[in-house]
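To start, the structure under review is shown below, and the notes come after it.
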Amino acid sequence: MRVTRPAVTIAACAALVTTMVTGAPAHAADPLSPATSFSFTVNQDGTVVAPTDGGAIPNIDSVKSTLRAYYGTGTTKVDDPAYVFATDGLDGDDVSTVPQKTYLPNLDTSPYATNTKAVADAIDAALPDAPAANTAVVFDVDSTLLSDYGNEEDMSFNYSPAVNAIWVNHELFPAVAGMPALLRKLAGQGYKIYGITGRPAAQETHTLGNLVKAGYTSDGTATGTPLFDGDTLFTKDLANQPWVDCTADGSAATACSTVEYKALTRKHIQDTDGVTIAMNVGDQWSDLEGGYAAKSQKVPNPSYFLPSADITGAPAGDSAMVLPKMYTMAPDGSGGPTATDGDAIPNEGAVVSLIRAYYNAPSSGANKGIADKTTSPYITQLTALEASWTPKITTACQQGVATAAATRLAGSKATAALTTDTRAVTKATKAVARAVRQLKQAKRHHTGASHVVRQKKKALAKARRALTKARATLAADRAAIAAAKVVKDPAVVFDADDTTLWTYDMEDGAMGFAFNPALQDVWVQGKKFAATPGMPALAKAVAKAGCTVIGLTGRNTAQEDATIANLTEQGYVDAAGKPLFTAANYYTKWVSPATPPAYITCADPAKCTTIEYKSGTRKYLESQKGLDIVANLGDQFSDLIGGAADATYKLPNPTYYLP
């Protein structure tokens, strides 16, 4: 189980992949599609190779969507079994953060259940039906025997001792699919069954009780003989476990690692009870590292990871006990229902560690979840992108200004010449009419082949050419006047969150990547957001180049004033100190049940998608406000999809996903 979110987390699958692959993330043919293939490295001891490309990090929201599909939670939250105990005013364990509704796993027919049943079958197949005397099998508890996914959802994937204690003390964890039947069979065949858990000794009684409730008895009922007791279930009690050497991994004895505790407890079981451990089963690699078991079996768990350095003298094969380095994941979570191995899903804990490494944000301490404002791979990448984008956008602005000015000048000249052009057409028309009359007269008095007739024909042709030219000049001037009336001024559209204002500290430090609308509004109204690194300079440059600066955000109308004020405070001002973003050119989203603007078309009027709202607004700006959007900048693909912009610019953001 997870006792705390470690500084870096990781998980792995039973089918090991150990080759490191580097390179850019794979995208669909559409450049405005999220990555679907990822490669990254998180080491066995929890250290991580910091990503240099935010687009190469699995988006944390996409990971959670995939997890929920894999665990079969459905899209609707159900009654939370912990809620009644967290709010009953009894036992002194009330916790206000436990929700009334939560996502719970389907432990019967979900891909997760199918996966764990297959693992149970694999364990059964790997062990002989008739074991030698004193042969044992060791099991971890959380996510190995007892499913703690519902508990993880309750904690929003951020470990909370108080919330976890409610689940433990009220024995709320269900069995992992396939495991009760497996243990009953093994016990019936003569295997000695042991459990080693990271839960503290104070939780031993309730852990044993929960195991009984979950069917870990001789007959699967609550009245059957328990498969575990105080002698065969080991909880963590280092003060009374002298066999655990907290320096076995080569570090000082300031703290005992998971591997030190579990591996040396397995050794203690073998030495004290005279058994041979035929197999060791756990959901974390740190459950399995360190040896003292003939075989080991990994149970899938993509919801968290507990890294641990290995002990000195561990089996050479332990080096393969790392998570895979390559993953495929659809951004909308649609791969979850077809997943056959949960450890092939990017591990939620590993992804959080990668994100924090990318933003150079600590995973513990007073500054936990606070991005480094000076140096990080994120800042390095964004700086390079901005250096590439700025000249392209400013050039587009300058060209747009020049085009608009030239069009207006041409229209002005055409207006001035219109009277003269009209008179020229009238004069040429009369000249043609006169030439026609003169030709007719010549034909009456002379033969068709006469010199006079030929001269009159030439005169008529010349008059007609002059009329055609005069009409063409008039038409060109009229077109220039029309063009001048619809000339478009260049504009650049900026999203707000993580495009102009940096929300990382809120998303991680304040929310732990679990979005809270009420807390978000506190940050918005309090104008707590820093500027996205480098973006004030880019906005100033495009404004100086002549572009109109437009704000287009999913924030609601009640947050508009605070957002503009926050932008101004963070340096989005021109050379004279005037705000670059103003109410006249800032677009926020209406709040339901308010009616959307007439220029927005939504497939579902009750819920307008980001793409419908933003692309509809851009089309309105171009068709009704006299603007040509030469650049559209956003951190979400949904900020950019839908057209109505000459060019799009995507800022990296793996911290949330808005389809």
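Tabulated values for the structure
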{"read-out": "Every residue from the range 60-76 that is open to solvent by less than 20 Å² (accessible area, probe 1.4 Å) and not aliphatic (A, V, I, L, M)", "value": "S62, K64, T66, Y70, Y71, T73"}
{"read-out": "Any chance D121 is open to solvent by 10 Å² or more (accessible area, probe 1.4 Å), assigned to a loop (DSSP other than H, G, I, E, B) and out of contact with any Cys (no Cβ under 7 Å at 6 or more places or on another chain)", "value": "no"}
{"read-out": "Test result for R434, open to solvent by 70 Å² or more (accessible area, probe 1.4 Å), free of Cβ contacts under 8 Å to residues at least 40 places away in the same chain and not in a loop (DSSP other than H, G, I, E, B)", "value": "yes"}
{"read-out": "From T648, T655, T610, residue being closer than 30 Å to F40 by Cβ, in contact with an Asp or Glu (Cβ under 6 Å, 6 or more places away or on another chain), of a type in the set (S, T, Y) and in contact (Cβ under 8 Å) with a residue 40 or more places away in the chain", "value": "T655"}
{"read-out": "Unique match (being modelled with pLDDT under 95 and either open to solvent by 30 Å² or more (accessible area, probe 1.4 Å) or closer than 18 Å to P174 by Cα (or both)) among A201, A239, A214", "value": "A239"}
{"read-out": "Those residues of the range 262-276 which are open to solvent by 20 Å² or more (accessible area, probe 1.4 Å) and assigned to a loop (DSSP other than H, G, I, E, B), in sequence order", "value": "G274"}
{"read-out": "Among (1) farther than 18 Å from V119 by Cα; (2) open to solvent by 30 Å² or more (accessible area, probe 1.4 Å), the one test that G333 misses", "value": "(2)"}
{"read-out": "Candidates A214, A293 - the one that is touching a Phe, Trp or Tyr at 6+ places or on another chain (Cβ under 8 Å) and touching a residue at least 60 places away in the same chain (Cβ under 8 Å)", "value": "A214"}
{"read-out": "Residues of the range 61-80 that turn out to be on the phi < 0 side of the Ramachandran plot and without any contact (Cβ under 8 Å) to a residue 40 or more places away in the chain, as a count", "value": "5"}
{"read-out": "Residues of the range 277-294 that turn out to be farther than 19 Å from G313 by Cα and open to solvent by 10 Å² or more (accessible area, probe 1.4 Å), as a count", "value": "1"}
{"read-out": "Sole residue being open to solvent by 30 Å² or more (accessible area, probe 1.4 Å) and out of contact with any Pro (no Cβ under 9 Å at 6 or more places or on another chain), chosen from A384, A361, A344, A371", "value": "A384"}
{"read-out": "Residue identified as touching a Phe, Trp or Tyr at 6+ places or on another chain (Cβ under 7 Å) and assigned to a loop (DSSP other than H, G, I, E, B) among P307, P331, P324", "value": "P331"}
{"read-out": "Residue check, T422 outside any helix (DSSP H, G or I), farther than 30 Å from A491 by Cα and modelled with pLDDT under 90", "value": "no"}
{"read-out": "Residue list for the range 630-648, filter: crowded, with 22+ Cβ neighbours inside 10 Å and part of a strand (DSSP E or B)", "value": "V630, A631, N632, L633, G634"}
{"read-out": "Single residue of the range 604-629 satisfying the filter (surrounded by 19 or more Cβ atoms within 10 Å (Cβ to Cβ) and hydrophobic (A, V, I, L, M, F, W, C)) that is modelled with the lowest pLDDT", "value": "C608"}
{"read-out": "Only one of V259, V244 that is of a type in the set (V, I, T), within 17 Å of R199 (Cα to Cα) and part of a helix (DSSP H, G or I)", "value": "V259"}
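The values are calculated or read from the model by the stated rules, or taken from the named source; none is laboratory data. Small disclaimer: the values here were computed from a predicted structure and weren't measured. Cβ sites come from the backbone with ideal geometry, for glycine too, and all protein chains shown count toward neighbours. The accessibility values were calculated without ligands, DNA or RNA, using every heavy atom of the protein model including side chains. Shrake-Rupley method; radii C 1.70, N 1.55, O 1.52, S 1.80 Å.
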